[in-house]
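As structure tokens, the structure follows; a few thoughts come after it.
Please treat every number below as a calculation from the coordinates, not as lab data. This one's a predicted model, so the numbers in the text were calculated from it and none came from an experiment. FYI the Cβ positions are ideal-geometry reconstructions off the backbone, even for glycines, and counts take in every protein chain you see.
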Amino acid sequence: MTQQKALRLPVVSGSAEHLVRGFLMRRNVLAYEAPRNNEGYDLIAIHPDPRHRQRKGRRAQIRIQVKSRYATDSDRGFPVRESSFGAFDYLVVVFLNIGTFFDGRDGSTGEAELELYTLPRRFVMKHHQVGKVWQRVRLKNVQKQIEKYRGAAGIEQIALELGVARPTKAKSRK
């Protein structure tokens with residue numbers, strides 16, 4: 001039996017970091033890309049106000065590792081090395097869901113809405129599995145547990161840790 005060559009989609013995979021950065025900025029969290037191939041994290045999040053004074057219990061910066069899966073029919077797992085645990089505060093996994101690729105499918109069908117989960121480091125550590133070849137986290141059987149980390153609710157964790165208030169408009173007086 002011949003092994004099928006892995007499909008590499010650098011443009012699609014690169015979109016995940018931009019999406020996460022956009023979601024953070026949408027919530028008024030300033031996010032910068034780390035240099036390519038930086039060890040352990042891909043984005044740095046900070047408070048957008050340069051005059052902001054950090055309060056007790058808040059953080060000055062948050063380091064974020066981004067992982068992505070492009071296949072809608074992925075096994076909901078992603079590789080992460082145990083040695084990187086100290087290098088990130090949150091890991092955001094983006095299921096891009098561009099199509100179905102397994103069982104002989106070519107990806108031209110099965111597109112679905114993207115999913116984004118902002119997982120705290122302690123969650124990643126708890127669900128980390130070390131195999132003979134791969135170190136990974138699988139989310140397939142923890143769907144109920146990760147719902148609180150999905151989409152905007154997950155991004156909110158970062159905003160709260162940085163002390164970034166939700167943008168509001170003052171009501172005008174009549």
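Per-residue ellipticity at 222 nm from helix content only, as computed over the chain with -39500 (n - 2.57) for each DSSP H run of at least four residues, stands at -6500 deg cm²/dmol.
Partner aspartates and glutamates whose Cα lies under 20 Å from the Cα of K67, excluding those fewer than 8 positions away in the same chain, are identified as E17, E33, E39, D42, D75, E82, D89, E111, E113, E115, E147, E156. For the chain, the pair-distance distribution built from all alpha carbon pairs, in bins 5 Å wide starting at 0, is 1, 7, 15, 19, 19, 15, 9, 6, 3, 2, 1, 1, 0, 0, 0, 0 percent. Using bins of 5 Å that start at zero, the share of Cα-Cα pairs per bin across the stretch 6-74 amounts to 3, 14, 22, 21, 16, 11, 5, 4, 2, 0, in whole %. Annotation note: GluC sites (Glu not before Pro) in the stretch 79-174 located in DSSP loop regions with a Cβ neighbour count of at most 10 within 10 Å are E113. Just checking the listed ones, Q143, Q61, Q157: in the Gaussian network model of the chain with Cα springs under 10 Å, the one fluctuating most is Q143.
What is the stretch 72-174 by shape, rounded, prolate or oblate, if you read a ≥ b ≥ c off the alpha carbon gyration tensor as root eigenvalues and call it rounded for a/c under 1.5, prolate for a/b larger than b/c, and oblate otherwise?
Since a/c reaches 1.5 but b/c is at least a/b, the shape of the stretch 72-174 is classed as oblate.
Whole-Hz Karplus values for the stretch 149-157 come out as 9, 7, x, 4, 4, x, 5, 4, 4 Hz, taken residue by residue from phi with 6.51 cos²θ - 1.76 cosθ + 1.60 and θ = phi - 60°; glycine and proline positions read x. Exposed loop sites are taken as chymotrypsin sites (Phe, Trp or Tyr not before Pro) in a DSSP loop (any state but H, G, I, E or B) with at most 14 other beta carbon atoms within 10 Å; the longest stretch of the chain without one runs 1-101.
Remark: the stretch 123-135, residue by residue, has Karplus-estimated 3J(HN,Hα) of 5, 4, 5, 5, 9, 6, 10, 10, x, 5, 10, 10, 10 Hz, where x stands for each Gly or Pro and the curve is 6.51 cos²θ - 1.76 cosθ + 1.60 at θ = phi - 60°.
Across the stretch 92-102, coupling constants 3J(HN,Hα) worked out from phi with the 6.51/-1.76/1.60 Karplus curve, θ = phi - 60°, read 9, 9, 10, 8, 6, 6, 7, x, 9, 10, 8 Hz, and Gly and Pro carry x.
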